[in-house]
1. What is the set of long-range amide H partners of A:T21 at a cut-off below 5 Å, with H atoms built 1.01 Å from backbone N?
2. Lysines near B:K110 by alpha-carbon distance under 19 Å, same-chain residues fewer than 8 away left out - which ones?
3. Note the buried accessible area between A and B here, summed over both chains, with a 1.4 Å probe, in Å² to the nearest 100.
4. Given a Förster distance of 41 angstrom, what is the FRET efficiency for B:N341 paired with A:S32, based on the Cβ-Cβ distance and rounded to 0.05?
5. Select from the stretch B:207-288 those trypsin sites (Lys or Arg not before Pro) which occupy a DSSP coil region and have at most 10 other Cβ atoms within 10 Å, ordered by residue number.
6. How would A:H161, B:H326, B:H309 line up by accessible area, probe 1.4 Å, largest first?
7. For the protein assembly as shown, just run the numbers: alpha carbon Rg, then divide by 2.2 N^0.38 Å, N being how many residues it has.
8. Name the residue farthest towards the positive end of the dipole of the protein assembly as shown from the options B:C140, A:L254, A:H40, assuming +1 on Cβ of Lys and Arg, -1 on Cβ of Asp and Glu, about the Cα centre.
Amino acid sequence: MKRLDQLLMNKNSRVVNIYFTAGYPSLDSTMSIISLLEKHGAGLIEVGMPFSDPLADGPVIQESSRIALENGMNTDLLFEQLKSLRTVSQIPVVLMGYLNPVLQYGMEKFLSMASSCGIDGLILPDLPPEVYESQYISLFEKHEIYPIFLITPQTKQERIHYLDSLSKGFLYAVSSSSTTGGKSGFNKDHLAYFERLASTDLKNPLMIGFGISNNESLETVFRYASGAIVGSAFIKNLNEKTEDFGIPAFMNHLLNKTK
Amino acid sequence: MQSETLNKRPFHSDASGFYGDFGGAFIPEMLYANVEELRNNYLEIIGSADFQKDYQKLLRNYVGRPTPLYEAGNLSKRYGARIFLKREDLNHTGAHKINNTVGQVLLARKLGKKRIIAETGAGQHGVATATVCALMQMECIVYMGSVDMERQAPNVARMRMLGAKVVPALSGSRTLKDATNEAIRDWINNPESTHYIIGSVVGPHPYPDLVARLQAVISEEIKAQLLSETGNPNPDYVIACVGGGSNAAGAFYHFLDAPEVKLIGAEAAGEGISSGKTAASLVVGKKGIIHGCLTSLMQTEDGQIVEPHSISAGLDYPGIGPLHAHLHQTHRALYYSITDNEAIKAAFELSETEGIIPALETAHALAVLEKLQLKTTDKVVVNLSGRGDKDLSTYMKILESR
Ligand SMILES: Cc1ncc(COP(=O)(O)O)c(C=O)c1O
């Protein structure tokens, strides 16, 4: 059984999925961050590939992307860093980024490299599902990379089913239509949306992201979904000055653990 | 005969918004509902008698259309051909941009939107948006790169006087691309109340087609005016500057299927195409995605978007509308790269020979004239996309250093 499927086998998996930008805070921090996250309670990791014009992202991820690129991060280098991934860790890892750098690298070459590093899935928010279906589906299958699609509160029920049918591993629900790192916490509209999703018959486990920054919002999401995705809040707390980047403290706080 | 060529329409977008290899809608799901709503409704709305009645009336009485097609005698003498200037600079607010904003604000109203956002480079699109929003009493927010706010300060003041909120874009090179990023982020964060008025034939489908249709009035008028002036609706050349490419799209539109009309676009070469400080996307770009559109894009080998450079804020964009990428690839249109200095020279030449101060963007189109081998019988239409008031501070600096 594939790592992602195993992780999300039962509905109450309470998986914490942490997103960070590769190359931030420093160029070679990628593998250390993955190890620290695994050790301190993350169940799944999204490695963000920085892009010059991240138009779906708010200020925090924009800034981490800018610095990562300034540090010299690029696709070749990321794969170089991830080569050793499966010798040190078995935590599921997916890559997330914008389509253009992947297209320039070459979709087939990208998937094949990702696969050889032991990457489990790929999230490309600006890859339209229709284009995925007509051009790339067999490449993803050949290289055993799971495509993961996003849904939003504005996504119509019929389209939710369409995106769910194409996704593998999990379906990524953003809590509100917003750029990343927006308002944190949830109101009754969010809860009604989560309720609707929880009662929708989905093929995939559901992960909810956007607006999760603390234990309270995390626990709220666990009531409706198999996992919660935390990005901007984590990146904001990354502290370059300490050897552990402040990760243990952040994770303990997020998970409401007193060491 | 004509209907046969019209039926094929090889230079118009298909149902998915592709012009040949270029176009499409490469957008995150967060934008899907907004873009879908527009895509499902725009053709029906802008084709409706109701919309057309309001649109035509405003174009006539508020914008001041039709704009003149002026046969420029002195310029004609200089270049040894019949040179006609399509005077889009005489539109209300001083550029072609308002043709689009009148249409899109009417469209937004039909879609029940209350809030309008826009990006702007030179500020002409921002002013045109703010103007129509004031007219129709809609809330208006304009994103503008902080570098452009400085070099196009008069337009910032105009937008503010018109009641718009001007928000500086502070990322990247702080120009048009970055303003567009911010506008798209705003739209993502306001998925229901807001209509985004893109100012050129760029962005995800249906924008390139929508904006081209709203600018097509330019070539519609050129045809009628040339017919009555010369007995033939078709010129030998149509020349227009290309930032995203909306004034060029409008000037080319009704000639696309008439191969005898040579179509020429002028891209901004900045300090030169191999200087590293350029905005000539067709020359130095490769196929890539910007703002939801697959087009010719200035980018690094790693697929990061490269910061463009042009003296003209309105042409300072690392991509280009997919229509133009397609016309370029199929050789239906020819594109010249015009440097900052060539544009400045052309701007002064038009001012001194015809008494018309053009926008810096427009000056790029005028600079093509001396590169063509023209015959005395050739009829050449230059689309005079905008007037130069907004660029006076740049022009003054050059005057002082002469
Ligand atoms: C006068 C004028 N011409 C041309 C342009 C370039 O835009 P487009 O290529 O969409 O016509 C601008 C943009 O700001 C402009 O103000």
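1. A:G48
2. By straight Cα distance, B:K110 reaches B:K53, B:K57.
3. What A and B bury together is about 2700 Å².
4. On the way: r = 51 Å, r/R0 = 1.24.
With R0 = 41 Å, the Cβ-Cβ based efficiency is 0.20.
5. Filter output for the stretch B:207-288: empty list.
6. Numbers: A:H161 80, B:H326 15, B:H309 45 Å².
Per-residue accessible area, sorted high to low, gives A:H161, B:H309, B:H326.
7. Working: Rg = 26.0 Å, N = 661, 2.2 N^0.38 = 25.9 Å.
That works out to 1.00 for the protein assembly as shown.
8. B:C140
The values are calculated or read from the model by the stated rules, or taken from the named source; none is laboratory data. Model, not experiment: these values are computed from the prediction. Cβ: placed from backbone, ideal geometry, glycine included. Neighbour counts: every protein chain shown. Quick note on the areas: whole protein, heavy atoms, side chains included, nothing else; ligands and nucleic acids left out. Shrake-Rupley method; radii C 1.70, N 1.55, O 1.52, S 1.80 Å.
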